There are 2 protein chains.
Amino acid sequence: MIDYALLLKEHQLKATFQRMQILEVIEKYGHIAIEAIYEEVSRIHSSLSLATIYKNIVLMTQKGVLTEIPIIGEKSKYEIIKDEHIHLICTECGTVIDKMLDDDTAIDTEKVAKTSSFSLEHRQVNLYGTCDHCQS
Amino acid sequence: MIDYALLLKEHQLKATFQRMQILEVIEKYGHIAIEAIYEEVSRIHSSLSLATIYKNIVLMTQKGVLTEIPIIGEKSKYEIIKDEHIHLICTECGTVIDKMLDDDTAIDTEKVAKTSSFSLEHRQVNLYGTCDHCQS
DNA sequence: TCCTTAGTAATAAAAATTATCCATAAGGAA
DNA sequence: TTCCTTATGGATAATTTTTATTACTAAGGA
């Protein structure tokens, strides 16, 4: 259970009711698109203006609270920043699964960056396919 | 130099003037967004309707001629499909650099997929940072 | 060359995103 | 706790992006 107010303050953002509602929904779903946040927030809680959601998603992304996950053929989803991981994206149902990397499955992208004298800041590895559930 | 007419026919698409113009621009820039294709096509050649560009990008992507490259904080870019590679994306100038993988820099994503019983179809590895040129 | 079918242009429509502006709430100071 | 300042939210308009429509046109096989 994340302390949203703390998370926001750590990133120099006021802990408003609306922001915490948005974060709560994002955490609940893990990865979610803007329109879906709007629908969920409207359904469960008091309704927030769509413009408010847009503004705060952009702001929280800039401030490092959220990360955008751009996806082929879909609208971007957003997640709360956490330890590095890759995404398994199901092209059937759209589900995004986080996968932490361990030593056994490490991805040596730093070597790649180095050989191109590219100053690496952020990696995003997306694997597209069919999830366990949709295969059956 | 790609034979665009052949490429299109191999994917069951008619080799129209407009499609070849679009492919020519994409190949010239390597990775390019839709609006930029429109501007370039309009500037150099006869002007194509923006709607035509949209329709053909979608179609050629579906048919496997192009791949979408969704990018954090930007519009998607498109490239002609080629051997698997990763992208170095410069957050300063927006340039996308292709990087082929060799044995030395292989990325063992298949192992990851396997441990999640995920049926892997397509991998997309994007490294964000600052390119050689923008560092100086 | 003709014919059939698919493709294009132009425009309208729809969807997504951003800007505006005034009312309001957050959070520090007293 | 109350007050004050300033950032924020809501509603809506405006803009931008993307898709649909429809009549005309070109591609490619017969």
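Only one of A:Glu84, A:Glu79, A:Glu92 is away from DNA strand D (no atom under 11 Å from the Cβ), in contact with a Ser or Thr (Cβ under 8 Å, 6 or more places away or on another chain) and open to solvent by 70 Å² or more (accessible area, probe 1.4 Å); which?
A:Glu92
What are the residues in region B:8-22 that are part of a helix (DSSP H, G or I) and either under 23 Å from B:Ile97 (Cα atoms) or open to solvent by 40 Å² or more (accessible area, probe 1.4 Å) (or both), if any?
B:Lys9, B:Glu10, B:Phe17, B:Gln18, B:Met20, B:Gln21, B:Ile22
Considering (1) over 22 Å from B:Leu120 (Cβ atoms); (2) under 14 Å from the mean Cα position of the chain (by Cα), say which one A:Leu120 fails and leave the rest.
(2)
Answer with yes or no whether A:Val41 is in contact with a Leu (Cβ under 7 Å, 6 or more places away or on another chain) and free of Cβ contacts under 8 Å to residues at least 40 places away in the same chain.
Answer is yes for this residue.
Just the residues that are open to solvent by 40 Å² or more (accessible area, probe 1.4 Å) and small (Gly, Ala, Ser), please, taken from region A:37-67.
Once the filter is applied, which keeps residues that are open to solvent by 40 Å² or more (accessible area, probe 1.4 Å) and small (Gly, Ala, Ser), region A:37-67 yields A:Ser42, A:Ser46, A:Ser47, A:Ser49, A:Ala51.
Look through A:Ile26, A:Ile81, A:Ile69 and report the one residue that is within 26 Å of A:Lys14 (Cβ to Cβ) and in contact with a Gly (Cβ under 8 Å, 6 or more places away or on another chain).
Within the list A:Ile26, A:Ile81, A:Ile69, the selection yields A:Ile81.
Of everything in region B:1-40, what is near DNA strand D (Cβ under 9 Å from one of its atoms) and touching a strand residue (DSSP E or B) at 6+ places or on another chain (Cβ under 7 Å)? Give them in sequence order.
Correct list: B:Ala33 only.
What pairs come up if the first residue lies in region B:3-32 and is free of Cβ contacts under 8 Å to residues at least 40 places away in the same chain and among the aliphatic types (A, V, I, L, M), the second is within 12 Å of DNA strand D (Cβ to nearest atom) and in a loop (DSSP other than H, G, I, E, B), and their beta carbons are under 6 Å apart, counting only those six or more places apart or on different chains?
Cβ pairs passing all conditions: B:Ala5/B:Ala15.
The values are calculated or read from the model by the stated rules, or taken from the named source; none is laboratory data. Keep in mind that this is a model prediction, so the values were computed, not measured. Ideal geometry is used to build each Cβ from the backbone, glycine not excepted, and the neighbour counts take in all protein chains shown. We work out accessible area using only protein heavy atoms, side chains counted, and drop any ligands, DNA or RNA first. Shrake-Rupley method; radii C 1.70, N 1.55, O 1.52, S 1.80 Å.
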